[in-house]
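Peer 1: Questions regarding the structure given below will be posed in turn.
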Amino acid sequence: MAQPAIRIVLADDERMVRTALRAILSAEPGLEVVGEAATGAEAVSVVRELRPDVVLMDVRMPEVDGIRATEQILATLDEPPRVVVVTTFENDSYVYDALRAGAAGFLLKRAEADALVQAVRLVARTDSLLFPSAVRALAAEHARRAPAPPAWVSRLTGRESEVLRHMAAGLTNAEIARRMDVGPATVKSHVAAVLAKTGARDRTQAVIAAYEAGFLNLR
């Protein structure tokens, strides 16, 4: 039985960018662009109405920027979409703030069409993160400024610590299960414990917390 199409909303204040993204994605089987937004506020409204699987979100938009829009979408929907930030500059501090807000990753506007399509399919069909090296560098800078590891670091069990490291590497739950030679349900339980102990709403925020705490530099 064929999987349902991945439903996508495009949020960018430049019509030309939205048109280009729509052309690329609509040409691919199994992908459907169901809505567009030119501002962050409009993005929140469109997503609430259409309930897409993925949102491609520009970080710099009028009225409400992509960071606040991401926060509102993820905080107010019971089953929110995966948000991928689309930006011009990979070292933009807005990107890191969007990831802290819960975005699943980011793409550059100059990315090849194949990379765009692959990213949409990845975040829609798996629980993996798009975590380029530039974001790791930003997170490492935050970690260097942290005064001391937070209390949650010492509360993680050995297995939970291992799972968090695999999450930071971008592995899905299924991949973590194979790597650790355990069942998917066990991994899901460990992920839930990691989210609870780090105070994170989702795995993106947990990974960001791990970088900022310097946890990923600890052995």
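Peer 1: Out of the stretch 124-166, which residues are out of contact with any Pro (no Cβ under 9 Å at 6 or more places or on another chain), within 23 Å of Val55 (Cα to Cα) and at pLDDT 75 or above?
Peer 2: Passing the criteria: Arg125, Thr126.
Peer 1: Within the stretch 10-18, identify whether any single residue is under 19 Å from Arg100 (Cβ atoms), in contact with a Leu (Cβ under 8 Å, 6 or more places away or on another chain) and at pLDDT 95 or above, and answer yes or no.
Peer 2: yes
The values are calculated or read from the model by the stated rules, or taken from the named source; none is laboratory data. Keep in mind it's a predicted model, so treat the numbers as computed, not measured. All Cβ positions, even for glycine, are placed from backbone atoms using ideal geometry, and neighbour counts span all protein chains on display.
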